[in-house]
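The values are calculated or read from the model by the stated rules, or taken from the named source; none is laboratory data. This structure is a prediction, so every number in the text was calculated from the model and none was measured. No Cβ is skipped: glycine too gets one built from the backbone with ideal geometry, and neighbour counts run over all protein chains shown.
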Amino acid sequence: MSKPFGHMGWRHSLWWLALIALGLIMVAPLIWTLMLSLKSNSELLRSTTNAFHLPYTLENYAAILKSSGVFRWLFNSVLVAGLTTIGVLTLSSLAGYGFARLEFPFRDVLFVVVLFGLAIPEQAVIITRHQMFAGLGLHNSYPGLILPGLAAPFGVFLMTQYFKAIPKELDEAAMLDNASRLKVFWKVLLPLTLPAQATLGIFTFLAAWNDYWWPLISATRPEMFTLTVGIASSQINFAQTSGLGYLMTQAVFASVPILIVYVFFQKYIVRAVAGQAVR
Amino acid sequence: MMSPKARREFGNFLFVAPYLCVFLWLLIWPLISGMGLSLFKADLFGGASFVGFENYSRLLQDPVFLQAVGNTFYFVALTVPALAIIPLFLALMLNRATRTAAFFRGVFFSSSVLSVTIVTLIWRMVLMSDGGFVANIIGFFGFDPIPFLSDPNLVMISMSIITVWWCLGLPMMLYLSALQQVPQDIYEAAALDNTPWWKQLTHITLPAISRTVVLVVIMQCVLQFQLFGQPQLITQGGPNGASRPIVLFIFEVGFRRWDIGYAAAASQILFAIILMVTLAQYFVASRREGRGR
């Protein structure tokens, strides 16, 4: 248990006070957003202090349900983030197994090159990648939105480490039974990597869902926007917006799916960063 | 005909081949051709002429770019120490196996799962001087609103506050996992000696988790040098360029003015800065560790 802040009376109260104060600072912006989203736009136009008291209304939420744009963006986000996650898991597992277990020429050199890829920031490649995709006619398409996410080296690094940690006797025994490499990979090793798959999966999904840079420059037609870019496009026109309450309702609407994913997968997220330490 | 060994090795190589193709096609090739492109005066419509290092020398004399570099370093200097220290204190407070602690861990991490567009939407409504949350609160006590987003001296500080609120979850989790690895008997011995808690912190806890501190600082440096969405969405770099970071400069030059050779050169400079800062920290950290032994 925590030694720096022991369980002595006043110290314990101080701990509680500090936590509640910090927690309030943390959630105050979120609550403010929720309150604004529950007010009618005309009332907010007079003064936003109205948001602190009744009456509240659901008219902005009704308006969102009627506009089709937001649902299209939601669909795009689910599709792009989902397929990116599946793609990254597949490529990383295969490559991780290859780098960790199999012999082929230049294996270690290639692995170092992949590790170097971890240091390349998105901005160093984005201009030429944008040109390349323009040449191939991939902008404003789902492959155009998904492919760049598959190149991130982190998954390969993670899966290689994970495969290396599995005792070699396991697959050697299977190999003696004359099983093929693919079979050993699929039947023996892959099931053992499920915790790592969960970790990599949730982080890839979050990163793809929240990615802003690439969809911003690749998807220029509103029907190909992801939720992240779509919300940004209504925000850019902040001055002539249809209403503050409506804008904040969009923010709430866009955060709900990812917060649900977070609550549902919280265990894996915590385990991901913490090893098995924090439960 | 291939020998059996060669065939086997080729079969092995097929496991890594799919990823390597994507990696070379979408990461390495754009990187190399981007370095090439930075030596050309090029626009989107196919015109390109070789100019050597002229783009770079132009950048070093471009007041807009130099201001963006200054802004970025200022932002990193504001956010990275805050993101190394505040999460550490949160982790120290929450490093216990109670339900309350688990609940607050969830609260402090929750902002990290939101996208930059939602974060900026929320914080604009908190900070704007006309009817924002802070303005309403301090207005209640009779104070004038603070021009968080329109005062050139305040705007980067506001961006930093937003960023710290958004990003503190991950470092907190990393610290928590490091704190779990510290052997508990050291603390028990210290408690017997009646060592005060701040001495325990500086003499036991911090040395034990120093590797994590370095990791957090490097990660946050790399991340915060790439500041983009917060100013792009809230202030579009204003007022007077006071909140324009390097990445927003690249975005404007490359995708609004379509001067792509010039933008490529700027992105190579950003890459070099990030690489140098990372390597410098890595070497400082490993040297200190070597001396400690």
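So that you can scan it fast, the table gives a plain yes or no per residue for (1) surrounded by fewer than 19 Cβ atoms within 10 Å (Cβ to Cβ); (2) among the charged types (D, E, K, R); (3) modelled with pLDDT under 90; (4) in contact with a strand residue (DSSP E or B) (Cβ under 7 Å, 6 or more places away or on another chain):
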| residue | (1), (2), (3), (4) |
| --- | --- |
| A:Ser67 | yes, no, yes, no |
| A:Val70 | no, no, yes, no |
| A:Leu83 | yes, no, no, no |
| A:Phe99 | no, no, no, no |
| A:Phe116 | yes, no, yes, no |
| A:Met132 | yes, no, no, no |
| A:Asn140 | yes, no, no, no |
| A:Gln161 | yes, no, yes, no |
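All told, A:Ala21 meets the bar of being more than 10 Å from chain B (Cβ to nearest Cβ) and within 30 Å of B:Met172 (Cα to Cα).
Looking only at residues in the stretch B:81-92 that are touching a helix residue (DSSP H, G or I) at 6+ places or on another chain (Cβ under 6 Å) and surrounded by fewer than 22 Cβ atoms within 10 Å (Cβ to Cβ), which one is farthest from the other protein chains (Cβ to nearest Cβ)? Step by step, filter the stretch B:81-92, then rank; the result is B:Ala84.
Could you say whether any residue in the stretch B:139-160 is more than 7 Å from chain A (Cβ to nearest Cβ), among the β-branched types (Val, Ile, Thr) and surrounded by fewer than 21 Cβ atoms within 10 Å (Cβ to Cβ)? Yes, because at least one residue in the stretch B:139-160 is more than 7 Å from chain A (Cβ to nearest Cβ), among the β-branched types (Val, Ile, Thr) and surrounded by fewer than 21 Cβ atoms within 10 Å (Cβ to Cβ). Cβ-Cβ under 7 Å, sequence separation 6+ or interchain: first residue in the stretch A:189-210 and within 16 Å of A:Tyr162 (Cα to Cα), partner among the charged types (D, E, K, R). Which pairs? What qualifies is A:Leu189/A:Asp171; A:Thr199/A:Arg271. Pairs are defined by a Cβ separation below 9 Å, a sequence spacing of at least 6 or placement on different chains, a first member in the stretch A:149-178 that is under 20 Å from A:Leu83 (Cβ atoms), and a second member that is not in a helix (DSSP H, G or I); the pairs so defined are A:Gly149/A:Asp211; A:Ala152/A:Leu118; A:Pro153/A:Leu118; A:Pro153/A:Ile120; A:Phe154/A:Leu118.
Could you tell me which of the residues B:Arg105, B:Arg96 is surrounded by fewer than 21 Cβ atoms within 10 Å (Cβ to Cβ), of a type in the set (Lys, Arg) and closer than 21 Å to A:Leu24 by Cβ?
Just one listed residue meets the conditions, B:Arg96.
Does B:Leu27 satisfy the criteria of being crowded, with 20+ Cβ neighbours inside 10 Å, free of Cβ contacts under 8 Å to residues at least 12 places away in the same chain, within 25 Å of B:Leu270 (Cα to Cα) and not hydroxyl-bearing (Ser, Thr, Tyr)? Spelling it out, B:Leu27 is indeed crowded, with 20+ Cβ neighbours inside 10 Å, free of Cβ contacts under 8 Å to residues at least 12 places away in the same chain, within 25 Å of B:Leu270 (Cα to Cα) and not hydroxyl-bearing (Ser, Thr, Tyr). Annotation note: Cβ proximity below 7 Å between a residue of the stretch B:153-166 that is part of a helix (DSSP H, G or I) and a residue that is of a type in the set (Val, Ile, Thr) (sequence gap 6+ or interchain) occurs for B:Val155/B:Thr235; B:Ser160/B:Thr79; B:Ile162/B:Val119; B:Thr163/B:Thr79; B:Val164/B:Thr79; B:Val164/B:Ile86; B:Trp166/B:Val119. Restricting B:Leu78, B:Leu90 to residues that are in contact (Cβ under 8 Å) with a residue 24 or more places away in the chain, closer than 23 Å to B:Trp198 by Cα and assigned to a helix (DSSP H, G or I) narrows the list to B:Leu90. Evaluate the following for A:Val109: is it more than 7 Å from chain B (Cβ to nearest Cβ) and at pLDDT 90 or above? Yes: the conditions hold for A:Val109. When B:Val76 is tested against the conditions (1) within 11 Å of chain A (Cβ to nearest Cβ); (2) buried (at least 18 other Cβ atoms within 10 Å of the Cβ); (3) within 29 Å of A:Gly155 (Cβ to Cβ); (4) hydrophobic (A, V, I, L, M, F, W, C), the lone failure is (1). Taken together, A:Val229, A:Val256, A:Val270 contain a single residue that is at pLDDT below 85 and within 26 Å of A:Thr84 (Cβ to Cβ), which is A:Val270.
A single member of B:Ser210, B:Ser243 is surrounded by 22 or more Cβ atoms within 10 Å (Cβ to Cβ), more than 10 Å from chain A (Cβ to nearest Cβ) and among the small types (Gly, Ala, Ser), and it is B:Ser243. Residues in the stretch A:116-151 that are in a loop (DSSP other than H, G, I, E, B), more than 20 Å from B:Ile250 (Cβ to Cβ) and in contact with a helix residue (DSSP H, G or I) (Cβ under 7 Å, 6 or more places away or on another chain): A:Leu118, A:Leu138, A:Asn140.
A:Ser37 passes every criterion in (1) modelled with pLDDT under 80; (2) of a type in the set (S, T, N, Q); (3) surrounded by 19 or more Cβ atoms within 10 Å (Cβ to Cβ) apart from (1).
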